[in-house]
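The structure appears right after this line, and notes come after that.
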Amino acid sequence: MTREFNVPPIVFASGGNPIPNRRLPTAPFQPPPLSNPNLPFMSFDVGSTSLAAPAFRGDIDNGFEEVLPLLEELGINTRQIWRKTASILNPFRVHVNLHEDADLSGPFLFLMCFGLFQLLAGKLHFGIILGWVTIAAIFLYVVFNMLAGRNGNLDVYRCLSLIGYCMLPIVIFSALSLLLRQGAVGVFALGVVFVGWSTWVCSRLVIELASAGDQHRGLIAYACCLIYLLFSLLVIF
Amino acid sequence: MKFFEALVVRRRCLRGSSLKLREEMKFFKVQRGGVRRGFICTAMYDNMGGQAGAPKPPFNPQPNPFGNAFSGAGSGLIRGGLGAYGERILGSSSEYVQSNISRYFSDPQYYFQVNDQYVRNKLKVVLFPFLHRGHWTRITEPVGGRLSYKPPVYDINAPDLYIPLMAFGTYVFLTGFSLGLLGKFSPEALTVLFTKGVIVWFIQGLVLKLVLYLLGGAEAPLLDLAAYAGYAFTGMCVAVLGRIVWSYSYYFLLPWTGLCMGMFLVKTMKRVLFAEVRGNDSSRHHYLLLLMALLQFPFFFYLGRAGV
């Protein structure tokens with residue numbers, strides 16, 4: 001037996017009544033022929049004052065200020081990361097103010113690259129790098145704060161950030177050692193150069209960013225040197 | 001540049017007093033950066049009835065130009081001093097943690113008050129103890145009515161924890177390097193080395209503690225013993241470095257550094273013991289100290305074999 005359903009008549013705003021009791025196949029959203037400025041999601045005008053757009057429109061015009069780019073939302077400031085990276089590349093001029101705000105995304109990138117270069121050399125070291133960086137950060141944190149005494153204010157986050165950024169020379173060394181034969185004398189000499197570079201930059205940054213490190217430059221530099229020597233062992237052997 | 005003067009400490013305790021010490025320390029005046037003038041600090045031991053000793057102070061930190069001036073006296077010093085570091089290092093400022101830490105450790109910050117000059121001189125003392133011309137006692141200074149030891153910056157004989165820590169790291173690196181030269185390097189091997197090093201350090205500390213216990217129950221703070229035990233790694237580093245440079249030098253360097261370390265430990269333990277010695281059986285002392293020195297050789301041998 002058939003049932004009759006009472007369907008209310010569908011009226012479109014643009015006029016033109018469809019046949020009642022019949023659903024026309026319509027497009028999911030259908031702009032009216034008249035552009036009605038009162039309906040915000042219909043407006044294409046750049047200069048329109050319509051706001052409160054639904055999200056599925058995307059960021060086509062500057063009416064959508066609430067939706068930030070993904071990286072910005074995550075707090076990854078790529079320009080700053082690039083600037084910090086470039087500052088490490090020049091060991092003779094240390095830009096202290098760039099490294100004032102610590103972030104971990106640059107180090108994460110460097111460590112991933114390091115792991116990838118090691119992978120190209122046939123060594124699967126991702127977990128080891130992660131563990132060693134953590135231990136190294138805690139080690140440097142303890143040593144620096146103990147040496148600096150009551151006034152030392154290096155915190156683990158900044159310590160980790162600095163160690164990670166100064167890992168850049170080691171990453172370059174890892175890339176270069178792919179081109180050299182395993183066990184060549186040149187590898188050792190290169191290693192010395194890159195470890196020295198890392199140590200120099202890291203100790204200078206740590207001493208200038210955290211207070212009360214001035215009297216112990218050599219001691220802190222030796223601690224940094226140990227850290228990077230251990231990482232260079234991973235690269236060389 | 002700062003001038004420091006140790007106060008004249010002239011202490012004559014009556015016999016039968018609780019401290020049982022009898023000592024005289026001379027005036028010690030040093031001018032930094034200039035001519036060292038004045039008097040050499042010596043501790044003269046009064047050998048009446050076999051009682052000899054330097055004053056045995058409770059272990060207290062004291063004011064120093066590093067800015068961590070602790071005020072107060074007594075165990076409250078340690079608790080107060082650790083209060084600042086308790087929060088920083090441990091992240092908790094609970095009374096329970098502080099009091100427990102101060103019972104087992106004694107202000108680790110004392111052991112890191114070092115500078116370049118101290119490190120260089122101390123390395124010379126540890127590696128060539130027979131060349132150390134001065135005395136081996138630690139200089140004390142009265143703080144708040146009690147005697148405490150001077151920090152390592154002012155006193156070459158004070159133990160520190162920076163050198164052992166760095167020597168340990170260097171030992172791990174050098175042994176890893178020599179393993180790599182042999183083609184046997186792997187990060188797991190490095191972890192095994194690290195663990196072995198920690199175990200040897202711990203056992204060495206236990207040996208020192210045992211020696212102190214057997215020879216009259218002298219008290220030394222745990223971190224002191226950890227520092228003395230860790231100095232073994234400096235000699236070990238030299239031996240492994242020699243092995244990297246020329247493999248046959250190892251057979252000469254290892255016994256040599258073992259001997260030096262033994263001598264160093266004997267001399268320091270003797271001074272630690274003198275603070276508390278009450279008995280008259282000095283021959284027992286000497287045998288146990290000799291045993292302790294001889295025990296260095298198996299330790300060094302084990303540490304060296306770990307890298308082969």
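In nanometres, what is the gap between the two model label sites at B:W256 and A:D214, each 7 Å from Cα along Cα-to-Cβ?
Placing both labels 7 Å beyond Cα along the Cβ direction yields 4.1 nm.
Work out the mean other chain Cβ neighbour count within 10 Å for the residues of B:187-200 and drop it here as an integer. Could the numbers behind the result be given before it?
Working: counts 11, 1, 1, 6, 3, 0, 0, 1, 0, 0, 0, 0, 0, 0.
Mean partner shielding for this stretch: 2.
For B:159-165, what's the mean count of beta carbons from other chains sitting within 10 Å of each residue's beta carbon?
On the way: counts 0, 0, 2, 7, 1, 0, 6.
Going residue by residue through B:159-165 and averaging, the value is 2.
Can you pull the three principal axis extents for the Cα set of the stretch B:113-306, in Å, largest first?
58, 36, 30
Tell me, what is the 1.4 Å probe accessible area of A:V143, in Å² to the nearest 10?
0
Suppose R0 equals 25 Å. What FRET efficiency, 1/(1 + (r/R0)^6) with r the Cβ-Cβ distance, do B:R284 and B:F202 give to the nearest 0.05? If you can, show how the numbers build up before the last one.
Details: r = 26 Å, r/R0 = 1.03.
Computed FRET efficiency for B:R284 and B:F202: 0.45.
For the stretch B:170-175, take each phi angle, set θ = phi - 60°, evaluate the Karplus expression 6.51 cos²θ - 1.76 cosθ + 1.60, and give the result in whole Hz per residue in order, putting x for glycine and proline.
Karplus-based 3J(HN,Hα) across the stretch B:170-175 equals 5, 4, 4, 5, 5, 5 Hz.
Going down the list A:K84/A:K123; B:K209/B:K267; B:K122/B:K184, which pairs span over 26 Å between their C-alpha atoms?
On the way: A:K84/A:K123 28 Å; B:K209/B:K267 15 Å; B:K122/B:K184 34 Å.
In this structure, A:K84/A:K123; B:K122/B:K184 exceed 26 Å between Cα atoms.
Placing +1 at every Lys and Arg Cβ and -1 at every Asp and Glu Cβ, with all other atoms neutral, what dipole size does the stretch B:113-306 have around its Cα centre, in debye to the nearest 20?
On the way: 17 positive and 9 negative charges, 62 e Å.
Charge dipole of the stretch B:113-306: 300 debye, to the nearest 20.
In square angstrom, rounded to the nearest 10, how much accessible surface does B:E141 have for a 1.4 Å probe?
40
Could you sort A:F5, B:F299 by accessible area so the largest value comes first, with the probe set to 1.4 Å? Intermediate results must be reported in sequence, preceding the final value.
On the way: A:F5 140, B:F299 30 Å².
Ranking A:F5, B:F299 by accessible area, largest first, yields A:F5, B:F299.
Given H placed on each backbone N at 1.01 Å, which residues far from B:S148 in sequence or on other chains put an amide H within less than 5 Å of it?
Placed amide hydrogens put B:E141, B:V143 under 5 Å from B:S148.
What is the distance, in nm, between label points placed 7 Å from the Cα along the Cα-to-Cβ direction at B:H135 and at A:L130?
Between B:H135 and A:L130, the simple spin-label model gives 5.7 nm.
Could you calculate the contour length gain from A:F12 to A:C113, that is, 0.36 nm times the residue separation minus the distance between their Cα atoms, to one decimal place in nm? Walk me through the numbers before you get to the answer.
Working: separation 101, 0.36 × 101 = 36.36 nm, distance 5.85 nm.
Fully extending the segment from A:F12 to A:C113 adds 30.5 nm.
Take the alpha carbon gyration tensor of the stretch A:79-171, find the square roots of its eigenvalues, order them as a ≥ b ≥ c, and report rounded if a/c is under 1.5; if not, report prolate when a/b exceeds b/c, else oblate. Don't skip to the answer; put the middle values down first.
Values: a/c = 2.33, a/b = 1.30, b/c = 1.79.
Oblate, since a/c reaches 1.5 and b/c is not below a/b.
Probe 1.4 Å, all protein chains in place: accessible area of B:M261 in Å², nearest 10?
Accessible area of B:M261: about 10 Å².
Contour minus end-to-end for A:Y157 and A:L98, with contour as 0.36 nm per residue of separation and end-to-end as the Cα-Cα distance? Write down the numbers at each step before the final one.
Details: separation 59, 0.36 × 59 = 21.24 nm, distance 1.56 nm.
Going from the current span to full extension adds 19.7 nm.
Leaving ligands and nucleic acids out of the surface, order B:Y302, B:Y162 by accessible area at 1.4 Å, largest first.
On the way: B:Y302 95, B:Y162 5 Å².
Listed by decreasing accessible area, they come as B:Y302, B:Y162.
The values are calculated or read from the model by the stated rules, or taken from the named source; none is laboratory data. Please read all numbers here as calculations on a predicted model, not as lab measurements. FYI the Cβ positions are ideal-geometry reconstructions off the backbone, even for glycines, and counts take in every protein chain you see. We work out accessible area using only protein heavy atoms, side chains counted, and drop any ligands, DNA or RNA first. Shrake-Rupley method; radii C 1.70, N 1.55, O 1.52, S 1.80 Å.
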